[in-house]
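Q: Take this structure first; my questions come after.
The values are calculated or read from the model by the stated rules, or taken from the named source; none is laboratory data. The structure displayed is predicted, hence computed values, not measured ones. Glycine gets a Cβ as well: all are built from the backbone with ideal geometry, and neighbour counts include every protein chain shown. Accessible surface is based on the protein model in full, side chains and every heavy atom, while ligands, DNA and RNA are left aside. Shrake-Rupley method; radii C 1.70, N 1.55, O 1.52, S 1.80 Å.
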Amino acid sequence: VKRLTRAAVLAVGSELLTPSRLDTNSLFVTAELNRHGIDVVFKSVLGDDADELARGLEHALGRVDVVVCSGGLGPTADDLTRDVVATVLGRTLYTADDLANGIRRRFEARGLSMPRINLRQALVPEGAVVLANQVGTAPGLWIEHGDQVVVLLPGPPRELRPMFEAVAHERLAPRAGGRVIVQRIVRVTGRSESHVEEAIRALYRDWASAQVPVMVTILASLGQVEIHLSARAPEQSEAHRALSAAVEAVEERLGADVYSSDGRAMEQIVGDLLLTRGWCAALAESCTGGLIASRLTDVPGSSRYVDRGVVAYANEAKTSLLGVSTDLLAAHGAVSEAVARSMAEGVRVRAGVDLGIGVTGVAGPGGGSEAKPVGTVAVAVSTVLESRSRLHRFAGERTLVKFQASQAALNLARLVLES
Ligand code: AMP
Ligand code: MG
């Protein structure tokens, strides 16, 4: 029989087409399929509408080996998946007595009688295999259609997850291509998406044609660019080896702009570097309003290396709490590298710690000037050995500027700690 390599996920439920509910089942299903080496080539969200469902299913059957549907297996009139699938595949439905009895017992165990409509959940398309549901009343279904497979799963995530895990392991894995897909994420900061692409593009052709091919996707998000690398191979170890080589090649080309290649976030990287050195940090934040302290302390165990944070917006606060001189403020303005450096040094010396971080900037929407428009941010890091600072010009509204400022400050701390 044909190997199962390409899948589609159909998330069924009108609520998923409104802003009130998010389709998360497809993410879980995709991760499981990938683990067994099956690619998801597209997914759809479909309302509880027989016509839309039928077309969605027909479309999927025209393109992939495996169709996984979630939702629409409940007992109520809006639950249409079972009927539509039976019609599209040309199967009649019969009542499976053991299922009907099982559902009846679930109700009786709670001292209730089974509503008649629940009998719909005991309807099974001819030739389908019933997938047990330990958690709820709706059973899942496994239907082979020629070389193709259609899997129907109930919508509630806590029911779907164990059911799909089991069916993927028992039924899909043996018929998959015998490959695994492994992913690594390389995180870069300080370069735009296209500059990252330019720097690593030359690697793509070798990756694509390698014995263990490596695929790449570049994703820009706030304050960073992510390079998602995935490798497919018969063995986990081979995929990991190919990915390690790819990550090394990326690091060689992007140098110190790569801040993470093992899944760790920026705040965790900085925390781990502080721990390695046995150092403590103190923060002086204007513009970011404590965001740097918040991000650093999102990491469990951070109290070992975060000493304190001072949020100082008023000039007077910068002077009295951090020792920034009024002359310096007058000469350079509050948003300047000189003041950021003085803030970093001031908080470090007053706290008696090894590393100080200072930030000052114009988050907007007001407060900008021609010389220092909204988005102008100075970040600085001070240690006993050195003082470093950088002036940035970030785009976007207030919260975006704040996040980018925190990222730039943490990144400067990383660079100092790594040197
Ligand atoms: P259903 O099986 O269609 O009766 O779905 C029952 C419940 O499962 C819905 O009310 C949702 O709360 C949840 N649900 C259905 N589909 C999804 C999905 N794709 N992702 C997350 N939750 C879902
Ligand atoms: Mg539904």
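Q: Going by the alpha-carbon gyration tensor, a ≥ b ≥ c the square roots of its eigenvalues, is region 286-419 rounded (a/c under 1.5) or, if a/c is not under 1.5, prolate (a/b greater than b/c) versus oblate?
A: Taking the square roots of the gyration eigenvalues as a ≥ b ≥ c, region 286-419 is oblate.
Q: Follow-up question, since we're still on this one. Between rounded, prolate and oblate, where does region 297-353 land on the alpha carbon gyration tensor, with a ≥ b ≥ c its root eigenvalues, rounded for a/c under 1.5, else prolate if a/b exceeds b/c?
A: Prolate is the answer for region 297-353, as a/c is 1.5 or above and a/b outweighs b/c.
Q: Using a Gaussian network model of the chain whose springs link C-alpha atoms within less than 10 Å, name the residue from 141, 22, 203 with the highest mean-square fluctuation.
A: With Cα springs under 10 Å in the chain, the top fluctuation among 141, 22, 203 is at 22.
Q: Also: Suppose we keep just the alpha-carbon trace of region 95-161; what are its Rg and Dmax in angstrom?
A: 12.7, 44
Q: Please give the charge dipole size of the chain, origin at the Cα centre, charges +1 on K and R Cβ atoms and -1 on D and E Cβ atoms. Round to the nearest 20 debye.
A: Here the size comes out at about 440 debye.
Q: Please find, in a Gaussian network model of the chain (springs between Cα atoms separated by less than 10 Å), the residue of 129, 247, 362 whose mean-square fluctuation is greatest.
A: 129
Q: Largest first, please: the extent of the C-alpha atoms of region 338-386 along each principal axis, to the nearest Å.
A: 36, 16, 11 Å, listed from the longest principal axis down.
Q: Keeping all protein chains in position, work out how much accessible area residue 341 exposes to a 1.4 Å probe, and write it in Å² to the nearest 10.
A: Number for this one is 90 Å².
Q: While we're on this one: Taking θ as phi - 60°, what are the ³J(HN,Hα) couplings along region 410-419 by the Karplus curve (6.51, -1.76, 1.60), each to the nearest whole Hz, with x for Gly and Pro?
A: Running phi through 6.51 cos²θ - 1.76 cosθ + 1.60 with θ = phi - 60° gives 5, 5, 5, 4, 4, 4, 5, 5, 7, 8 Hz.
Q: Taking 2.2 N^0.38 Å as the expected size of a compact globular protein, what ratio does the Cα radius of gyration of region 36-103 give against it, to two decimals?
A: Compactness ratio reported: 1.25.
Q: I want to verify the translational diffusion coefficient of the chain in µm²/s; compute it with Stokes-Einstein, Rh as the Kirkwood radius over Cα pairs, at 25 °C and 0.890 mPa s.
A: It comes out at roughly 97 µm²/s.
Q: Right, something else. Using alpha-carbon pairs under 8 Å, 6+ residues apart, how would you state the relative contact order of region 1-159 in percent?
A: Dividing the mean separation by the residue count of region 1-159 yields 24 percent.
Q: Could you compute how fast region 1-72 diffuses translationally, taking Rh as the Kirkwood radius over C-alpha pairs and applying Stokes-Einstein at 20 °C with viscosity 1.002 mPa s? Give it in µm² per second.
A: Once the numbers are plugged in, D ends up at 171 µm²/s.
Q: Rounded to the nearest 500, what is the 222 nm mean residue ellipticity of the chain from helices alone, with -39500 (n - 2.57) per DSSP H run of 4+ residues and division by all residues?
A: -11500 deg cm²/dmol
Q: Where the Cα atoms of region 232-319 are projected onto their three principal axes, how long is each span, largest first, in whole Å?
A: 63, 27, 21
Q: To continue, here is another question. Report, for the chain, the % of DSSP beta bridges that are antiparallel, rounded to 5.
A: 60 percent
Q: How far is the Cα center of region 351-416 from the Cα center of region 108-150, in Å?
A: The two parts, judged by their Cα centres, are 58 Å apart.
Q: Let me ask something else about it. With all pairs of different alpha carbon atoms counted, what Kirkwood hydrodynamic radius in Å does region 153-309 show?
A: With all distinct Cα pairs of region 153-309 included, I get 18.5 Å.
Q: Something else about it: Could you pull out every one of the aspartates and glutamates with an alpha carbon less than 16 Å from that of residue 402, ignoring same-chain neighbours closer than 8 positions?
A: Once the sequence-local aspartates and glutamates are set aside, what remains near residue 402 is 267, 285.
Q: Where the Cα atoms of region 178-271 are projected onto their three principal axes, how long is each span, largest first, in whole Å?
A: Cα extents, longest axis first: 38, 29, 20 Å.
Q: Heavy atoms only, probe 1.4 Å: what % of the accessible area of the chain goes to carbon and sulfur, would you let me know?
A: Answer for the chain: carbon and sulfur cover 51 percent of the accessible area.
Q: How are the alpha carbon pair distances in region 1-134 distributed across 10 Å bins from zero to the largest one, expressed in percent?
A: Each 10 Å bin holds this share of Cα pairs: 11, 36, 36, 15, 2.
Q: Starting with the highest mean, order 403-416, 368-381, 45-58 by the number of other Cβ atoms within 10 Å, averaged over the residues of each peptide.
A: Descending mean neighbour count gives 403-416, 368-381, 45-58.
Q: With a 10 Å cut-off between alpha carbons and a GNM built on the chain, which of 135, 270, 150 moves the most?
A: Looking only at 135, 270, 150, the biggest GNM fluctuation is shown by 135.
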